[in-house]
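The values are calculated or read from the model by the stated rules, or taken from the named source; none is laboratory data. The structure displayed is predicted, hence computed values, not measured ones. No Cβ is skipped: glycine too gets one built from the backbone with ideal geometry, and neighbour counts run over all protein chains shown.
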Amino acid sequence: MTSFIEKLRQIYPPERLYEDEARLIPYVSDGLTAFREKPAAVVMPLNSEEIVETLKLCHEHQVPFVARGSGTSLSGGSLPISEGIVISLNRLNSILEIDPDNRTARVQPGVINAHLSAAGAPHGLYFAPDPSSQSVCTIGGNLAFNSGGAHCLKYGMTSNHILGITAALPDGEVVQLGNDSLENAGPDCVGLFVGSEGLFGVALEIQLRLLPIPETYRTMLASYDSLEAAGDAVAAVVASGILPGAMEIMDKLAIEAAEAAVNAGYPQDAEALLIIELDGEASAVDAEFEALTASIEKTNAKEVRIAQDNDERLLIWKGRKSAFSAVGRLSPDYLVQDGVVPRSKLGEALKEISRLGAEAGLRVANVFHAGDGNLHPLILFDGNEAGALECAEELAGKILRYCLKLGGSITGEHGVGVEKLSFMPEMFSEADLNAFKRIRKAIDPHEISNRGKMLPGKEAPALSHSGPHPLEKAGIISRM
Amino acid sequence: MLHQISDTDLGPSGASMIKPIEACVHCGFCLPTCPTYSTMGDEMNSPRGRIFLMKETLEGKIEPSEIEPFIDNCLGCLACVTSCPSGVEYGELISPYRAWAEKKRERSLSEKLQRYALLKTIPHPSRFRTASKLASVFKPVAKYLPKGFGAMIELTPDQLPAKQAFNEKYPAHGDRRGRVALLIGCAQQALAPSINAAAIRVLNRNGIEVVVPKSQGCCGSLAMHIGESKQARKAALKNFDAFPADVDAIITTAAGCGSGMKEYPILFAERDETDLNEAEAFSIKVMDICEYLDQIGFIPPDASDAPPIKVAYHDACHLAHAQKIRSAPRRLLQSVPGITLLEPAEWEICCGSAGSYNIEHSDTAKELGRRKVANLQATGADLIATGNIGCLSQIEFHSRVQQKPLRVVHTIELLDER
């Protein structure tokens, strides 16, 4: 390690190589603070060459590394490794090119999602994936975790918008996956890289697709007496044949938190709130709106409200997008889950979550992408109470298992990270996991790229999620 | 966020410091609006990073001296409070933390001298005047002086406006609708006495009687925001005595003073009950001039003959973030005939003035000043309105440096007859 750090010092000046406690501590966690790990060093490269040199050095010394953007992962995807380094990509934040004619862009990985859309706006273009943290999170992170967002119901996840990646593989070799052409030859290597949670190296440059900003939006708020009724309304809208840009549900607790945070003007007496947004050409939206109104009329909504102007629409979305963090107002700690169920089984899943929550004696707030069955139960607990975290984790495990039972997934967009590692063997067979591992080994023989994330390691992880995390038992991670 | 701070040895401000730490969920929504994070790009210079560092220090895991540079870099602009969905009151952590850490701090002689000079001149208009004359002499050699002194001299205007004395009472015009006391402030009184004069005229014209207590002094906010609590309390106590109780509100035209005076209960949390009660009674009456005028129902001036004018409004951090006052000044300005209000980009990002920050951290402050001026210039406004003397001087100064001078006025000056 000493000679490794010695060589790092030849790449980075002291002000971009952090080794002292005070500059390492702020990097111990990302958006999941239940897990904290101090890295051996943090480096702040200014260009691709420095990243490549760093990876070569890591490969040579078999030192693991974690590439990190804004550190907003909710699954511990950018949790550092104590014997490894963090490569902070925040200063690689240039939008290298916007090609309005072909509606494409080329960016560095540290560009903030919302900044890309802002840069596209003068050309009438935007980047469609809109994770709730879009004001903060980076394109590199979106790519690594195949992020979604409220509008991925209509426009798809990040993977649908990435055309090419100039990537540094874990040994420092630079390859071009895909390119900025809209169609491509050969296997979908870009697809393999997107959502790989950093296991295949670092994206140096990303070529992506921009979409024309919709001509018009129509945003509807409908409130209901029960979550189930809101879920049924979603089914009714889908059955009518409309494909809205987004369909989101928030329950009473989530409404309360979001309202306290941003005063979005949500109805306060509702058990559930459904946000539906139509977007596109004005004539099409008008026709869809008529159909939408007709189907919502049959759903026993307590109150239906339409955003009167763009400010009101933005406020509705600000409330929704702040909801996770806003729950911090209701409880000192929470765990957010990200399970997916088939849309037709939404009502059933919500009922079971509320039963499981009551059984565990914990409050659960629900905010979710109803249109694609992506649930976000937020389990509230007080970490200062002995055993509370374990109890919350146990409940989270039960919820995820129920999602799997219904034919869904343990994650929709937050990724596996370290948090859901132990559920991988429940979702995938041994053969599936072995195939993943062989691919990983082929690209990263020393397993240095974001080691310990997504793929369970050699030590067989416990199938139960109660008690200490399997990685804690293995001494790889710890909580403070 | 989980922590292991024991509040027993932190005194009464311990609870105030722990609350924001517990509330922070480390989501990172504060990052893009933080002026230091957005210029430096590293976690220790971000709000959530500093919260982590203060937590570790208060837990006794690292020494306060190790995290000093990152705590010092914070402008205290509180943009993070505005952008925080979890309701973290960062200001209630950083101010007491600075005071706690200051007690353990060994400052260099030059630092001590600089802070001493700062706290002995800025809060005293007459000394400030003398110092500014002295500064103009030293201007040619400013760049050879220690950084802080150099910045202090550079920022001092070449010539100060004539000294202005105030009467003790200004009666309301017409039927009296209310009675207020005005804090005339310290640095502002030397740099731009016209602001308070305009405030008195506008208040009177709106039927408000204005009392200007003779024995008042600096409110102590400057000292408070750099962790010098003792001095701040001394200043506050003097004003508790100076200000009459029989007024509807204590009005200030400086956002920094308003936010500081509204924080008196935190400043006095550690003191005996009498002082704390007094602090609470005083603080509850403090209102920014725009907040007050908006609340009583502002009667706009008759400006039918005035030519139309485009005004860009600059949100002072201590008004927008610390006091959450954004719509009142806009509503007031829009009520004046002929004014078209423009909104600059990056409204939430500090201009770099931040109390004495542009003196103590001149590099970051310069970068922020440059960025703010560029955003304001891009609006194409004829003139800039803002609610704080610090912002006003900083923006004016940096627009001059860039050789594209902007005219910056206090909001109240536009609400006066044109």
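Filtering segment B:1-26 to residues that are touching a residue at least 40 places away in the same chain (Cβ under 8 Å) and facing chain A (nearest Cβ under 7 Å) leaves B:Met1, B:Ala23, B:Val25.
Is it true that B:Phe29 is among the hydrophobic types (A, V, I, L, M, F, W, C), under 26 Å from B:Glu228 (Cα atoms) and within 12 Å of chain A (Cβ to nearest Cβ)? Criteria not met by B:Phe29.
Summed over segment B:264-275, the residues that are surrounded by fewer than 22 Cβ atoms within 10 Å (Cβ to Cβ) and part of a loop (DSSP other than H, G, I, E, B) give a count of 4. Here B:Ala235 clears all of (1) within 20 Å of B:Lys112 (Cβ to Cβ); (2) part of a loop (DSSP other than H, G, I, E, B) except the condition numbered (2).
Quick check on A:Gly178: is it in contact (Cβ under 8 Å) with a residue 24 or more places away in the chain and surrounded by fewer than 19 Cβ atoms within 10 Å (Cβ to Cβ)? No, not satisfied. Could you pull out the residue among B:Ile412, B:Ile349, B:Ile384 that is assigned to a helix (DSSP H, G or I) and either not acidic (Asp, Glu) or not assigned by TED's automatic domain parsing to the domain that holds B:Thr33 (or both)? Answer to the check: B:Ile412. Counting the residues of segment B:38-53 that are under 23 Å from the mean Cα position of the chain (by Cα), of a type outside the set (Lys, Arg) and at pLDDT 95 or above gives 4. Would you check if there is a residue in segment A:139-161 being touching a Leu at 6+ places or on another chain (Cβ under 8 Å), touching a residue at least 40 places away in the same chain (Cβ under 8 Å) and not in a helix (DSSP H, G or I)? Looking through segment A:139-161, none of the residues is touching a Leu at 6+ places or on another chain (Cβ under 8 Å), touching a residue at least 40 places away in the same chain (Cβ under 8 Å) and not in a helix (DSSP H, G or I). Across segment A:311-332, not a single residue is classified as in contact (Cβ under 8 Å) with a residue 24 or more places away in the chain, in contact with a helix residue (DSSP H, G or I) (Cβ under 6 Å, 6 or more places away or on another chain) and away from every other protein chain (no Cβ under 14 Å).
Note on segment B:41-61: among residues that are surrounded by fewer than 24 Cβ atoms within 10 Å (Cβ to Cβ) and more than 21 Å from B:Thr364 (Cβ to Cβ), the one that is nearest to the other protein chains (Cβ to nearest Cβ) is B:Glu56. Are any of the residues in segment A:323-340 of a type in the set (S, T, N, Q), crowded, with 24+ Cβ neighbours inside 10 Å and part of a helix (DSSP H, G or I)? Within segment A:323-340, one or more residues are of a type in the set (S, T, N, Q), crowded, with 24+ Cβ neighbours inside 10 Å and part of a helix (DSSP H, G or I).
When you scan segment A:125-143, do you find a residue that is away from every other protein chain (no Cβ under 14 Å), at pLDDT 95 or above and over 17 Å from the mean Cα position of the chain (by Cα), even just one? Looking through segment A:125-143, at least one residue is away from every other protein chain (no Cβ under 14 Å), at pLDDT 95 or above and over 17 Å from the mean Cα position of the chain (by Cα). The residue that is nearest to the other protein chains (Cβ to nearest Cβ), among those in segment B:64-80 that are under 14 Å from B:Ile349 (Cβ atoms) and of a type in the set (A, V, I, L, M), is B:Ala79.
Of the listed requirements (1) closer than 26 Å to B:Ile226 by Cα; (2) crowded, with 24+ Cβ neighbours inside 10 Å, B:Pro329 misses just one: (1). Listed conditions (1) away from every other protein chain (no Cβ under 13 Å); (2) surrounded by fewer than 24 Cβ atoms within 10 Å (Cβ to Cβ) are all met by A:Ala121, apart from (1). Exactly one residue out of A:Arg106, A:Arg91, A:Arg68 is in contact with a Leu (Cβ under 6 Å, 6 or more places away or on another chain), under 23 Å from A:Gly195 (Cβ atoms) and of a type outside the set (Ser, Thr, Tyr): that is A:Arg106.
Please go through segment A:378-436 and give me each residue that is assigned to a strand (DSSP E or B) and farther than 26 Å from A:Gly149 by Cβ, ordered by number. A:Phe381, the sole residue that qualifies. Being in the same structural domain as A:Ile25 (by TED's automatic domain parsing) and at pLDDT 95 or above holds for only one residue in A:Val107, A:Val63, and it is A:Val63. For the condition within 14 Å of another protein chain (Cβ to nearest Cβ), touching a strand residue (DSSP E or B) at 6+ places or on another chain (Cβ under 9 Å) and over 15 Å from A:Leu273 (Cα atoms), A:Asp372 does not qualify. Taking segment A:180-283 and the strands (runs of 3 or more DSSP E) fully enclosed by it, the elements with 2 or more residues that are touching a strand residue (DSSP E or B) at 6+ places or on another chain (Cβ under 7 Å) and of a type in the set (S, T, N, Q) are at A:216-224.
Residues in segment B:92-124 that are touching a residue at least 24 places away in the same chain (Cβ under 8 Å) and over 24 Å from B:Glu63 (Cβ atoms) were compared, and the one that is surrounded by the fewest Cβ atoms within 10 Å (Cβ to Cβ) is B:Ala117.
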